[in-house]
1. Would you check if there is a residue in segment 152-167 being open to solvent by 20 Å² or more (accessible area, probe 1.4 Å), part of a helix (DSSP H, G or I), free of Cβ contacts under 8 Å to residues at least 40 places away in the same chain and not charged (D, E, K, R)?
2. Considering only residues of segment 67-88 that are of a type in the set (Asp, Glu) and touching a residue at least 40 places away in the same chain (Cβ under 8 Å), which is farthest from Ser35 (Cα to Cα)?
3. Can you tell me which residues in segment 43-56 are open to solvent by 10 Å² or more (accessible area, probe 1.4 Å) and either in contact (Cβ under 8 Å) with a residue 60 or more places away in the chain or touching a helix residue (DSSP H, G or I) at 6+ places or on another chain (Cβ under 7 Å) (or both)?
4. If the requirement is being touching a Lys or Arg at 6+ places or on another chain (Cβ under 6 Å) and aliphatic (A, V, I, L, M), which of these qualifies: Ala81, Ala106, Ala112?
5. From the list Gly14, Gly28, Gly53, which residue is modelled with pLDDT under 95 and touching a Pro at 6+ places or on another chain (Cβ under 9 Å)?
6. Can you tell me which residue is farthest from Gln80 (Cα to Cα) among those in segment 1-13 that are among the aliphatic types (A, V, I, L, M) and open to solvent by less than 20 Å² (accessible area, probe 1.4 Å)?
7. Taking the conditions exactly as written (open to solvent by 20 Å² or more (accessible area, probe 1.4 Å) and free of Cβ contacts under 8 Å to residues at least 24 places away in the same chain), does Glu64 satisfy them or not?
8. Would segment 81-92 turn up any residue that is more than 23 Å from Leu115 (Cβ to Cβ) and open to solvent by 60 Å² or more (accessible area, probe 1.4 Å)?
Amino acid sequence: MSHVPTLGFLGGTGIEGKGLALRFAAAGVRVVIGSRSAERAAVVAGELNRQLGRELITGAENREMIANCEIILLTVPFEQAAPALDTYRDLLRPGTVVVDVTVPVAFDGGRARPLSLPEGSGSQSLAKRLPEGVALVGAFKTIPAHLLADANTSLDCDVFVCGDSADAKARVMEVIGRIPNLRAVDAGGLEVAGTLERMSVLAIGINRRHKIKSARFRVVGL
């Protein structure tokens, strides 16, 4: 039986972090919610465990979480992502994989637009901040946070995974595959992240225009 990595959440007390933590824990993956406050992390872990009906999620201060996790999901808002990585950069061990779920987006008059970044995407800009031996993988950029948080609703979609390390992508895709009705699709190298981030903006626009919250994507024919 394949090794199941422990997943940590940097920014795990927000809606997207909590939603993903619930989904992974329900699928049997060990999950650690990280926070700047160990007490806050413990409270959120307790809330999620009550929803699950089992003690599957633990909470820890971010430094402790990083020390005990092999894959770390970056689930803070994009504008907080770079400062968070800079704060904990020296604690990231070679072989650790950081999964970037952030989307650089701004809202003008209620309309979402992608932020223009010199590196081409949010993921590419964040990857430059990581130490040698730590890979960044982009994933979950096109799935609405509110949908992830509704653990009673099946996802029934694809999650596009991009990154420049084939091994890191494979590790992330394997653990994603444990979530029911969610298919991990290898979307290519990290340069694809800009396209995925724009697809997220497209989904936001569809949601607002049609007054829904669950627009997401599936590749037909694959």
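1. So in segment 152-167, the residues open to solvent by 20 Å² or more (accessible area, probe 1.4 Å) come out as 152-154, 156, 160, 164-167.
After this cut, where a residue has to be part of a helix (DSSP H, G or I) as well, the list is 166-167.
Applying the additional criterion that residues be free of Cβ contacts under 8 Å to residues at least 40 places away in the same chain yields 166-167.
Those still in the list that are not charged (D, E, K, R) too: 166.
The answer is yes; a qualifying residue exists.
2. At the first step, the residues of segment 67-88 found to be of a type in the set (Asp, Glu) are 70, 79, 86.
Adding the requirement that they be touching a residue at least 40 places away in the same chain (Cβ under 8 Å) leaves 70, 86.
Working: Glu70: 17, Asp86: 15 Å.
Per the stated criteria, the residue is Glu70.
3. Gln51, Leu52, Glu55, Leu56
4. Result of the check over Ala81, Ala106, Ala112: Ala106.
5. Working: Gly28 fails: touching a Pro at 6+ places or on another chain (Cβ under 9 Å); Gly53 fails: touching a Pro at 6+ places or on another chain (Cβ under 9 Å).
The conditions single out Gly14.
6. If we filter segment 1-13 for residues that are among the aliphatic types (A, V, I, L, M), which is where we start, we get 1, 4, 7, 10.
Pick out the ones that are also open to solvent by less than 20 Å² (accessible area, probe 1.4 Å) and you get 7, 10.
Values: Leu7: 20, Leu10: 11 Å.
Residue satisfying both the conditions and the ranking: Leu7.
7. Numbers: open to solvent by 20 Å² or more (accessible area, probe 1.4 Å): yes; free of Cβ contacts under 8 Å to residues at least 24 places away in the same chain: no.
Answer is no for this residue.
8. Within segment 81-92, one or more residues are more than 23 Å from Leu115 (Cβ to Cβ) and open to solvent by 60 Å² or more (accessible area, probe 1.4 Å).
The values are calculated or read from the model by the stated rules, or taken from the named source; none is laboratory data. Values in this document were obtained by computation on a predicted structure and should not be read as measured data. Positions of Cβ are generated from backbone atoms using ideal geometry, with glycine treated the same way; all protein chains shown enter the neighbour counts. Heavy atoms of the whole protein, side chains included, go into the accessibility calculation; ligands, DNA and RNA do not. Shrake-Rupley method; radii C 1.70, N 1.55, O 1.52, S 1.80 Å.
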